[in-house]
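This report concerns only the one structure given below.
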Amino acid sequence: QVHVVESGGGLVQAGDSLRLSCAASGSISSINAVGWYRQAPGKEPEFVAGIGWSTGATYFADSVRGRFTVSRGHAPITLYLQMNSLKSEDTAVYYCAAERNPIPTSHPDFWGQGTQVTVSS
């Protein structure tokens, strides 16, 4: 089994920056992509950004492109999400998720517990 843990959420003001961290452990050989997803109250989870682990290709939702950056850490299956120029509409629970598929999708296989990001205006 794969276990995913994310952290770094908090309460910030619009225009601020925040960095989220993610680490996966367990049967990491089954992981081919790692991504960030978010879920606002009353809405379905949506893809934010991710990396194809073998290819290094990055993917971004249009709503965050140019503001958010995703990167790898030195440890195996470590992922960061650098969020800049945060907006109130970025408020959501952010999840890190690992996938068997090589490209991040909206249906990842292994979810973290989530970390709350709240952006006040």
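The values are calculated or read from the model by the stated rules, or taken from the named source; none is laboratory data. Every value quoted in this text rests on a predicted model; they were computed, and no experiment measured them. For neighbour counting, all protein chains shown are included, and Cβ atoms are generated from backbone atoms with ideal geometry for every residue, glycine included. Accessible surface is based on the protein model in full, side chains and every heavy atom, while ligands, DNA and RNA are left aside. Shrake-Rupley method; radii C 1.70, N 1.55, O 1.52, S 1.80 Å.
See the values below:
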item	result
Condition check for Asp62: charged (D, E, K, R), over 18 Å from Val117 (Cα atoms) and either at pLDDT 95 or above or open to solvent by 10 Å² or more (accessible area, probe 1.4 Å) (or both)	yes
One residue from Ala75, Ala49 being within 13 Å of the chain's Cα centre (by Cα) and either over 12 Å from Val117 (Cβ atoms) or open to solvent by 70 Å² or more (accessible area, probe 1.4 Å) (or both)	Ala49
Qualifying residue in region 80-100 (condition: among the basic types (Lys, Arg), open to solvent by 60 Å² or more (accessible area, probe 1.4 Å) and either closer than 15 Å to Gly8 by Cα or in contact (Cβ under 8 Å) with a residue 24 or more places away in the chain (or both))	yes
Residue match in region 2-20 (condition: among the hydroxyl-bearing types (Ser, Thr, Tyr) and open to solvent by less than 70 Å² (accessible area, probe 1.4 Å))	yes
Selection count where residues are surrounded by fewer than 20 Cβ atoms within 10 Å (Cβ to Cβ) and closer than 19 Å to Leu86 by Cβ, scope region 32-44	4
Any hit, region 31-48, residues being of a type in the set (A, V, I, L, M, F, W, C), part of a strand (DSSP E or B), farther than 15 Å from Asp109 by Cα and in contact with a Ser or Thr (Cβ under 9 Å, 6 or more places away or on another chain)	yes
Unmet criterion (only one of (1) assigned to a loop (DSSP other than H, G, I, E, B); (2) of a type outside the set (A, V, I, L, M); (3) farther than 11 Å from Trp36 by Cα; (4) within 13 Å of the chain's Cα centre (by Cα)) for Asp62	(4)
Only one of Arg19, Arg38 that is within 17 Å of Gly66 (Cα to Cα), among the charged types (D, E, K, R) and within 11 Å of the chain's Cα centre (by Cα)	Arg19
Residue that is nearest to Ala49 (Cα to Cα), among those in region 68-97 that are at pLDDT below 95 and of a type in the set (A, V, I, L, M)	Ile77
